[in-house]
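Heads up: the structure comes next, in structure tokens.
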Amino acid sequence: MKVSKLLVGLLVGALSLTAYAQQPIVIKFSHVVAADTPKGKAAEMFAKKAAELTGGKVKVEVYANSTLYKDKEEMEALQLGAVQMLAPSLAKFGPLGVKEFEVFDLPFIFGSYDDLRKVTNGPVGKQLLSKLEPKGIRGLAYWDNGFKSFSLNSPIKSPADLKGKKLRIQSSKVLEEEVRALGGLPQVMAFSEVYQALQTGVVDGTENPISNLYTQKMHEVQKHLTLTEHGYLGYAVIVNKKFWDGLPADIRTQLGDAMEQATRYANQIAKVENESSLEAVKKSGKTTVYVPTKEERLAFKKALVPVHQKMESRVGKEVIQAVYKDIGFKPDSL
């Protein structure tokens, strides 16, 4: 009798272990933008591919639109292991102590997506991601959002039109200097709070890729948008290093493949999403969209490119020069 009870106990225990082993590994992926943005769609694509390639051994739970954590909270949550994965904008790494990432915030440094890819897919991009490791973070990929343009409730045709205006920016010393170079007043604010701040006049305007402007309905509270495309907004997909290193090697490989596929998708749709959002903004009739002339855009460039040199002591002259070399940028040629 005792032997049969023991056998039953062992059998129940074995079944329990089997059931436990079959529980999927959960990855909580938190982000602050809408689900129908390039980042939101790419996160869902990663979740889908992760499930497929691991045969259901991994379940990625995507939390969009700051439903889990806001801008300022999410990085600490990742480091503490409360979430496993994020895709913060590149500007978020300066406050973390990796100031070199703010090279991506320098105005007019990238003239095209081709320029950008030379950096993100090259040695500079890899070197920057490696600087996150001592912070307990593993960098997996770069995802595009797009190029930013200025919006206000008054027309923007020259740098002077932004003088004295309160402009919402992300937490980045480079972006602060950018706004000051235009005579504006930089206002650091969480992304989730921007719509209400624009609506109530706490800030006068902002800079955003068009997909962010549209999906957050900022165009409903901004009468003018000028396609300056003066700066780049992108993301680094990052994961808690301890969690990542603790995964079985085969799972890590499969998730790496899923991330590669999601990254290709993310960077393909970013341009398309911004173009379709621009058309939607125009059709709404709530925002006047202005395309600056060649001369007007040059005036913005001349006002903003000096920010590069001013920020050398913060971002690092070496990393700026390395980017210049990769993309053939010559600030003196303006």
Given (1) of a type outside the set (Phe, Trp, Tyr); (2) under 25 Å from Val32 (Cα atoms); (3) out of contact with any Gly (no Cβ under 7 Å at 6 or more places or on another chain), index of the condition Leu132 fails: (3)
Residue within the stretch 148-165 that is buried (at least 21 other Cβ atoms within 10 Å of the Cβ) and within 30 Å of Lys28 (Cβ to Cβ) present: yes
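Kindly establish whether Lys72 is within 19 Å of Thr120 (Cα to Cα) and either touching a residue at least 40 places away in the same chain (Cβ under 8 Å) or among the acidic types (Asp, Glu) (or both). Talk me through it step by step, then tell me what you get.
On the way: within 19 Å of Thr120 (Cα to Cα): no; either touching a residue at least 40 places away in the same chain (Cβ under 8 Å) or among the acidic types (Asp, Glu) (or both): yes.
In short, no.
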Given (1) surrounded by fewer than 22 Cβ atoms within 10 Å (Cβ to Cβ); (2) at negative phi, index of the condition Gly183 fails: (2)
Options Glu229, Glu296, Glu260: the member that is of a type in the set (D, E, K, R), in a strand (DSSP E or B) and touching a strand residue (DSSP E or B) at 6+ places or on another chain (Cβ under 9 Å): Glu229
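From the list Thr54, Thr18, pick out the single residue that is hydroxyl-bearing (Ser, Thr, Tyr) and modelled with pLDDT of 95 or more. Quick ask: steps written out before the conclusion?
Details: Thr18 fails: modelled with pLDDT of 95 or more.
Thr54 is the lone residue from the list that is hydroxyl-bearing (Ser, Thr, Tyr) and modelled with pLDDT of 95 or more.
Of everything in the stretch 265-289, what is outside any helix (DSSP H, G or I) and buried (at least 16 other Cβ atoms within 10 Å of the Cβ)? Give them in sequence order. Spell out the reasoning first.
From the stretch 265-289, those outside any helix (DSSP H, G or I) are 285-289; that's our starting set.
Hits for the stretch 265-289 are Thr287, Val289.
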Among (1) within 15 Å of the chain's Cα centre (by Cα); (2) within 25 Å of Asp161 (Cβ to Cβ); (3) of a type outside the set (A, V, I, L, M), the one test that Thr263 misses: (2)
Listing of helices (runs of 4 or more DSSP H) fully contained in the stretch 108-212 that carry 1 or more residues being under 21 Å from Asn65 (Cβ atoms) and in contact (Cβ under 8 Å) with a residue 24 or more places away in the chain: 194-200
The one condition in (1) touching a Phe, Trp or Tyr at 6+ places or on another chain (Cβ under 6 Å); (2) acidic (Asp, Glu); (3) more than 21 Å from Glu193 (Cβ to Cβ) that Asp71 fails to fulfil: (3)
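If you check Lys325, Lys330, which single one turns out to be modelled with pLDDT of 95 or more, among the basic types (Lys, Arg) and either surrounded by fewer than 17 Cβ atoms within 10 Å (Cβ to Cβ) or closer than 28 Å to Asp161 by Cβ (or both)? Even if it seems obvious, please write down each step before you answer.
Values: Lys330 fails: modelled with pLDDT of 95 or more.
Going through Lys325, Lys330 in turn, the sole match is Lys325.
Any idea which of Glu279, Glu273 is more than 27 Å from Lys57 (Cβ to Cβ) and within 17 Å of the chain's Cα centre (by Cα)?
On the way: Glu279 fails: within 17 Å of the chain's Cα centre (by Cα).
The conditions single out Glu273.
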Residue identified as in contact with a helix residue (DSSP H, G or I) (Cβ under 8 Å, 6 or more places away or on another chain), more than 21 Å from Asn212 (Cβ to Cβ) and surrounded by 20 or more Cβ atoms within 10 Å (Cβ to Cβ) among Ala50, Ala87, Ala91: Ala50
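The values are calculated or read from the model by the stated rules, or taken from the named source; none is laboratory data. Nothing here was measured: the structure is a model prediction, and the numbers come from that model. Backbone-built Cβ (ideal geometry, glycine too); neighbour counts: all protein chains shown.
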